[in-house]
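Only one structure is covered here, and it is reproduced in the block below.
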Amino acid sequence: MNQLMKEKIVLRVISKFLIPYILLFALYVQWHGDFGPGGGFQAGVIFAAGFILYALIFGVNTVREVIPAYATRALLAIGVLTYALVGVATILMGGKFLDYNVLAHEPTHGQHIGILLVELGVGITVASAMITIFCTFAGRAEDKEEDAET
Amino acid sequence: MSLDFPGLFNYWLIIILMLIGFYIVIAHGNLVKKIVGLNVFQVSVFLLYITMGKVEGGTAPILADGIEVYSNPLPHVLILTAIVVGVATTALGLALVVRIKETYTTIEEDEIDAMENQG
Amino acid sequence: MSDDLIIAVLMVFMALTGVAIARLHNLFAVVMLTGIFSLLGAAAYVVLDAVDVAFTEAAVGAGVSTVLMLGTLALTNSEEKPAPPKNMLAALAVVGITGAVLIYGTLDMPHFGDPNAPIHHHVAPRYLNDSGTEIGLPNVVTSVLASYRGYDTLGETFVVFTAAAGVLAILGRVRRPKRRDERAQTTEQTSGGGKS
């Protein structure tokens, strides 16, 4: 009959094999956005894709044990705050809002640091947003199935 | 305003794609299909902007030694933002469709209109 | 020349996919074709030298967007009403008029790939020329996105945050603890009745 996806051995083995590489690739894209195509948005989406694959195979409740609801909610806000606080930090250091030149002793170093932090904030927010949106949709589908059974 | 065919051919193909997306949005009553049509329309609009930014003989705007001509990076930045905003609005639209289905038990526009007019 | 041919072929495939999306009634097939459409768009972006955009479009359009639409189909029905659209002629007329106006608008545009187009003459040369010395990163798109136009990217991050918060507000459920208690009560009753 219809097996659950996590009982199908090929899906389970291949997804467990691939998910670490997906997350690693997401981190690679995040940090190497300066030297090639990439950056915060792409990295966040690929990172969320790793978690979404895990949720598709093993169920939303299992992935919620890995990254609970309060964690994604907090990370959503932390990403945006990182970006905004970099801007506030540049004001406190004497420059204008989001003027990265003042972040270090040399302007190009300041720009590097600023862009790194800012892209990190964007990546965190995009990853948690995609995970939140998917788990909300999938959680509602599982609730509907439970309601239909009981 | 010369009708120079080869230079503008790409834009006309893109306009055909836009019209297909537009037709899907206005001519179908199913809400999910409308959102799909909106996605099709969005991709073709992005294609229009990227086509405007291409420079003949240029490469991707990643600075490297020995390359003189680059394509214009500004449309790329604009479209990156637009893609992410597009997926955000798609997610919100799909969430609304789910709630409409739970409230009206249908996602066909004319049936929803009939229910609204009766009640 | 071969680049133009590749782009034209890709766009013809995209048009065929679009027509198939318009004609099909099975929504599962429509969602899959949307993923294919986004992937063809990403391939067209690569040929047009927009590698960052292609990356994002492939990840977002052919990845997350398809999964979300499939999630929606799991929560609603997956078949469109098979009747043809009622006002097809009116829709085609509107589409035709819009297309004619748009094509009339493109007659003034510079040719595809023209390096003397006005779009390449204002801020873009400054970004390309000075990004190496002012910022020092090879990827000009990242430096424009995060540094020169950093304020816009802050707004975009807020938009993503708002979308996630909106989906939580529309679809989030807060009655989970109560249902767990209800389930505990019902299992107590049934197991208590079975044991005693």
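How do the pairs read when you match residues in region B:103-115 that are in contact (Cβ under 8 Å) with a residue 40 or more places away in the chain with residues anywhere that are outside any helix (DSSP H, G or I) and exposed (fewer than 12 other Cβ atoms within 10 Å of the Cβ), using Cβ under 8 Å and keeping only pairs 6 or more apart or on different chains?
B:D110/C:K86
Rundown of residues vs (1) surrounded by 22 or more Cβ atoms within 10 Å (Cβ to Cβ); (2) free of Cβ contacts under 8 Å to residues at least 12 places away in the same chain; (3) under 20 Å from C:T66 (Cα atoms), yes/no style:
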residue: B:G21; (1), (2), (3): yes, no, yes
residue: B:G29; (1), (2), (3): no, no, no
residue: B:V43; (1), (2), (3): yes, no, yes
residue: B:I50; (1), (2), (3): yes, no, no
residue: B:E56; (1), (2), (3): no, yes, no
residue: B:T59; (1), (2), (3): no, no, no
residue: B:I62; (1), (2), (3): no, yes, no
residue: B:E68; (1), (2), (3): no, yes, no
residue: B:P73; (1), (2), (3): yes, no, no
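Looking only at residues that are more than 23 Å from A:V80 (Cα to Cα) and more than 7 Å from chain B (Cβ to nearest Cβ) in region C:136-178, which one is modelled with the lowest pLDDT?
Here the answer is C:K178.
Do we have C:M32 as out of contact with any helix residue (DSSP H, G or I) (no Cβ under 7 Å at 6 or more places or on another chain), in a helix (DSSP H, G or I) and among the aliphatic types (A, V, I, L, M) here?
yes
Looking at A:I131, A:I78, A:I115, A:I124 in this structure, which one is in a helix (DSSP H, G or I), closer than 18 Å to A:Q30 by Cα and touching an Asp or Glu at 6+ places or on another chain (Cβ under 8 Å)?
Going through A:I131, A:I78, A:I115, A:I124 in turn, just one is in a helix (DSSP H, G or I), closer than 18 Å to A:Q30 by Cα and touching an Asp or Glu at 6+ places or on another chain (Cβ under 8 Å): A:I115.
For C:V12, indicate whether it is assigned to a helix (DSSP H, G or I), more than 17 Å from the chain's Cα centre (by Cα), without any contact (Cβ under 8 Å) to a residue 40 or more places away in the chain and within 7 Å of chain B (Cβ to nearest Cβ).
No; evaluated as a whole, the condition is false for this residue.
Does at least one position in region A:27-38 carry a residue that is crowded, with 16+ Cβ neighbours inside 10 Å, touching a Leu at 6+ places or on another chain (Cβ under 9 Å) and closer than 21 Å to C:V67 by Cα?
No, that holds for no residue.
Restricting to region A:52-75, name every residue that is in a helix (DSSP H, G or I) and away from chain C (no Cβ under 11 Å).
A:Y54, A:I57, A:F58, A:T62, A:V63, A:E65, A:V66, A:Y70, A:A71, A:A74
Starting from residues that are more than 7 Å from every other protein chain (Cβ to nearest Cβ) and in a helix (DSSP H, G or I), keep the ones in region B:59-81 and report whichever is nearest to C:L154 (Cα to Cα).
B:L78
Given the criterion surrounded by fewer than 19 Cβ atoms within 10 Å (Cβ to Cβ), facing another protein chain (nearest Cβ under 9 Å), over 11 Å from the mean Cα position of the chain (by Cα) and not charged (D, E, K, R), identify the matching residue among C:V31, C:V19, C:V67, C:V53.
C:V19
Determine, yes or no, whether C:G113 is modelled with pLDDT of 85 or more and closer than 26 Å to B:L8 by Cα.
Answer is no for this residue.
Sort out which residues of region A:130-150 are among the acidic types (D, E) and either in contact (Cβ under 8 Å) with a residue 24 or more places away in the chain or more than 7 Å from chain C (Cβ to nearest Cβ) (or both), and write them in order of number.
A:E142, A:E145, A:E146, A:D147, A:E149
Which is out of contact with any Lys or Arg (no Cβ under 9 Å at 6 or more places or on another chain), facing another protein chain (nearest Cβ under 7 Å) and either in a helix (DSSP H, G or I) or surrounded by 19 or more Cβ atoms within 10 Å (Cβ to Cβ) (or both), of C:A44, C:A62, C:A58?
Details: C:A62 fails: facing another protein chain (nearest Cβ under 7 Å); C:A58 fails: facing another protein chain (nearest Cβ under 7 Å).
Checking each option against the conditions leaves just C:A44.
For region C:106-114, state whether one or more residues are within 28 Å of the chain's Cα centre (by Cα), assigned to a helix (DSSP H, G or I) and facing another protein chain (nearest Cβ under 7 Å).
yes
Okay, residues lined up against (1) touching a Ser or Thr at 6+ places or on another chain (Cβ under 9 Å); (2) more than 7 Å from every other protein chain (Cβ to nearest Cβ); (3) not in a loop (DSSP other than H, G, I, E, B):
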| position | (1), (2), (3) |
| --- | --- |
| B:L17 | yes, no, yes |
| B:Y23 | no, no, yes |
| B:I26 | no, no, yes |
| B:V32 | yes, no, yes |
| B:G37 | no, yes, yes |
| B:F41 | no, yes, yes |
| B:V45 | no, yes, yes |
| B:L48 | no, yes, yes |
| B:G57 | no, yes, no |
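Exactly one condition in (1) at pLDDT below 90; (2) within 12 Å of chain C (Cβ to nearest Cβ) is false for A:Q42; which is it?
Exception for A:Q42: condition (1).
Pick from A:I78, A:I115, A:I133: which is modelled with pLDDT of 90 or more and touching a Phe, Trp or Tyr at 6+ places or on another chain (Cβ under 9 Å)?
Within the list A:I78, A:I115, A:I133, the selection yields A:I115.
The values are calculated or read from the model by the stated rules, or taken from the named source; none is laboratory data. Computed from a prediction, not measured in an experiment: that's the story for all the values here. Note: ideal-geometry Cβ built from the backbone for every residue, glycine included; neighbour counts use all protein chains shown.
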